[in-house]
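One structure is given below, encoded as structure tokens.
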Amino acid sequence: MLPRSILAGCGGYLPERIVTNDELSRTVDTSDEWIRDRTGIRQRHFASKHETTAFMGTAAARAALADAGATAADVDAIILATSTPDQAFPATALRVQAELGVTKGFGFDLSAACAGFIYGLSVADGMIRSGQARGVLVIGSEVYSRILNWQDRGTCVLFGDGAGAVFVRAANAEDDDRRGVLSTHIHAQGTLGDILYVDGAVGQPDKPGHLVMHGREVFRHAVTRLAEAVEEALAANGMTHADIDWLVPHQANRRIIDAMGKKLGLPPERVVVTVDRHANTSAASVPLALAEARADGRIKSGDLVLLEALGGGLTWGSALVRL
């Protein structure tokens, strides 16, 4: 019998600096009313110089291990989802490995934009089910403030920085046999790569490396693709909307979040929302939201949680987890 993956602990880290819409409006041609009306965002966190992707990812990982009652000795692998690595190489995951004092196993970065955490969770689940690892840290860590075009008010107001992490381990005899990662579902459509991207990379030194987004197109595809991924996860497990206790969606836009909640028939109090305070933290948004709802007692052991996200690529996916 294949081992199940237990999501044993969650953790998050947010930079110290909070930037409100009013503060942004002093340097960007925008207003608090404009941002709130279109996105639901009222503030975000921006990293200072020392708060790198590795620094924040390490802090979130430590919190996840502590929540799981685990230590560095329990970690066989680190998967770090990010679009803003500290260096081209070594992988930021390996910087985290060193900071945590993990002395075995392996680690790597994963690039799937805002869907990166769902992709990472899917990979970790596969590793545990195959026996390749027994304890995996899955981290989403981003410093989008460093790739934003501050002349483009349509994108620069949407994003923030932060990190979230989970510790996933193989089930043992003492675990409730209902618990675990029930299934994950990941997808991509490369033909839509030009509606949300960063116009530069290490291999293209003459480009500035700013985020570019065609918002209306992204919104249109997001609602459709996310709904499909949600239905796919439920069908794979013989479940219906009524079985879901919590929706933890990617925190990109309050309108998309509300639309997904309505499609599932979930009351607003069963949908975790952090976009108003965190903005879009890309690969960090789902684990940050999950960590917050676990820490404040909303999501409890035994709850059935649906995770979903969509990002540039386009990439998207869902995961059904019983905590």
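On the basis of being of a type outside the set (Phe, Trp, Tyr), surrounded by 16 or more Cβ atoms within 10 Å (Cβ to Cβ), assigned by TED's automatic domain parsing to the domain that holds residue 307 and at pLDDT below 95, does residue 230 make the cut? Answer is yes for this residue. Being touching a residue at least 40 places away in the same chain (Cβ under 8 Å), of a type outside the set (Phe, Trp, Tyr) and out of contact with any helix residue (DSSP H, G or I) (no Cβ under 8 Å at 6 or more places or on another chain): is that true of residue 63 here? Considered against the rule, which asks whether it is touching a residue at least 40 places away in the same chain (Cβ under 8 Å), of a type outside the set (Phe, Trp, Tyr) and out of contact with any helix residue (DSSP H, G or I) (no Cβ under 8 Å at 6 or more places or on another chain), residue 63 comes out as no.
Here is a check on your reading of the model: is residue 277 surrounded by fewer than 21 Cβ atoms within 10 Å (Cβ to Cβ), under 19 Å from residue 45 (Cβ atoms) and touching a His at 6+ places or on another chain (Cβ under 9 Å)? Judged against the criteria, residue 277 is a match.
Is there a residue in segment 19-33 that is surrounded by 19 or more Cβ atoms within 10 Å (Cβ to Cβ) and of a type outside the set (Val, Ile, Thr)?
Let us first name the residues in segment 19-33 that are surrounded by 19 or more Cβ atoms within 10 Å (Cβ to Cβ), namely 21, 24.
When the remaining residues are screened for being of a type outside the set (Val, Ile, Thr), the result is 21, 24.
Among the residues of segment 19-33, at least one is surrounded by 19 or more Cβ atoms within 10 Å (Cβ to Cβ) and of a type outside the set (Val, Ile, Thr), which makes the answer yes.
Can residue 66 be described as under 20 Å from the mean Cα position of the chain (by Cα), more than 20 Å from residue 127 (Cβ to Cβ) and surrounded by fewer than 21 Cβ atoms within 10 Å (Cβ to Cβ)? So that I can check it myself, show each step before the final result.
Numbers: under 20 Å from the mean Cα position of the chain (by Cα): yes; more than 20 Å from residue 127 (Cβ to Cβ): yes; surrounded by fewer than 21 Cβ atoms within 10 Å (Cβ to Cβ): yes.
So residue 66 fits the description; yes.
For segment 22-40, filtering for residues that are more than 22 Å from residue 259 (Cβ to Cβ) and without any contact (Cβ under 8 Å) to a residue 60 or more places away in the chain leaves 6.
Among the residues of segment 273-281, is there at least one that is assigned by TED's automatic domain parsing to the domain that holds residue 222, under 24 Å from residue 4 (Cα atoms), assigned to a loop (DSSP other than H, G, I, E, B) and small (Gly, Ala, Ser)? Break it down into steps so the answer makes sense when it comes.
Keep residues of segment 273-281 that are assigned by TED's automatic domain parsing to the domain that holds residue 222, which gives 273-281.
Restricting the remaining residues to those that are under 24 Å from residue 4 (Cα atoms) gives none.
No, there is no match, as no residue in segment 273-281 is assigned by TED's automatic domain parsing to the domain that holds residue 222, under 24 Å from residue 4 (Cα atoms), assigned to a loop (DSSP other than H, G, I, E, B) and small (Gly, Ala, Ser).
Here residue 224 passes the criteria (1) crowded, with 21+ Cβ neighbours inside 10 Å; (2) of a type in the set (Ser, Thr, Tyr); (3) modelled with pLDDT under 95 except the one numbered (1).
The values are calculated or read from the model by the stated rules, or taken from the named source; none is laboratory data. Treat the numbers as computed from the prediction; the structure is a model and nothing was measured. Heads up, the Cβs are rebuilt from the backbone with ideal geometry, glycines too, and the neighbour counts pull from every protein chain shown.
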